Amino acid sequence: MSVYKKWLESIDKRDAEIFIDAHHEDYQFVRHQSGTTMNKSEIADMMRGMMANDDVVVKETRCLYENDDVLVMHSIVNFPDGTSEAIIQFSELKDGKIIKTETGATLISK
């Protein structure tokens, strides 16, 4: 199964454990807004909370490109505070799992 399909399954089922399993043990999420990074444990905690919150809705997800080395996706995310963002995600892959993610987000005005 492609990494994208695993990621999408986790979103569709709202199953954080499927999401977490799709990530390499050395995973790093680059947070450009704050200049910080998050590791797999930190992203796991965040995703468990997000997937447990029905007010977080990921929609219109599509895979723009995937091979053995990279995955590029785009989606719309609605957040509990009422905001929505268009998010593009670039992930590096290693051993069939996501090892590094960088995103760009654009606030969608209503």
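Things to note:
- ³J(HN,Hα), Karplus 6.51/-1.76/1.60, whole Hz, each residue of segment 72-77, x for Gly, Pro: 10, 10, 9, 7, 10, 10
- Amide hydrogen proximity for T37: with H placed 1.01 Å from N in the peptide plane, the residues at 5 or more positions away or on another chain lying under 5 Å are R31.
- The helix-based estimate of mean residue ellipticity at 222 nm for the chain, built from -39,500 (n - 2.57) per DSSP H run of four or more residues and divided by its residue count, is -8000 deg cm²/dmol to the nearest 500.
- GNM flexibility winner over the chain from S84, S75, S34 (Cα, springs under 10 Å): S34
- Hz values of 3J(HN,Hα) by residue in segment 57-66 - Karplus curve (6.51, -1.76, 1.60), Gly and Pro given as x: 10, 9, 9, 6, 6, 8, 8, 8, 6, 8
- Rounded Å value of the spacing that divides the Cα centres of segment 42-89 and segment 7-23: 11 Å
- In terms of packing, defined here as the mean over residues of other Cβ atoms within 10 angstrom, the peptides 16-22, 52-58 line up highest first as 16-22, 52-58.
- For segment 1-61, fraction of C-alpha pairs farther apart than 18 Å, in %: 39 percent
- Ellipsoid equivalent to segment 3-108 - semi-axes via the Cα gyration tensor, in Å: 19, 15, 15
- Taking every C-alpha pair closer than 8 Å and separated by at least 6 residues, the mean separation divided by the residue count of the chain gives a relative contact order of 24 percent.
- Taking F79, F29 and counting other C-beta atoms within 10 Å, the order from fewest to most: F79, F29
- Hz values of 3J(HN,Hα) by residue in segment 103-108 - Karplus curve (6.51, -1.76, 1.60), Gly and Pro given as x: 10, x, 10, 10, 5, 9
- Helix 3-13 vs. the chain, principal-axis angle (Cα, 0 to 90°, nearest 10): 40 degrees
Only the coordinates and a few stated rules stand behind these numbers; no lab work does. None of these values were measured; they are calculated from a predicted model. Here the Cβ is made from the backbone with ideal geometry for all residues, glycine too, and neighbour counts use every protein chain on show.
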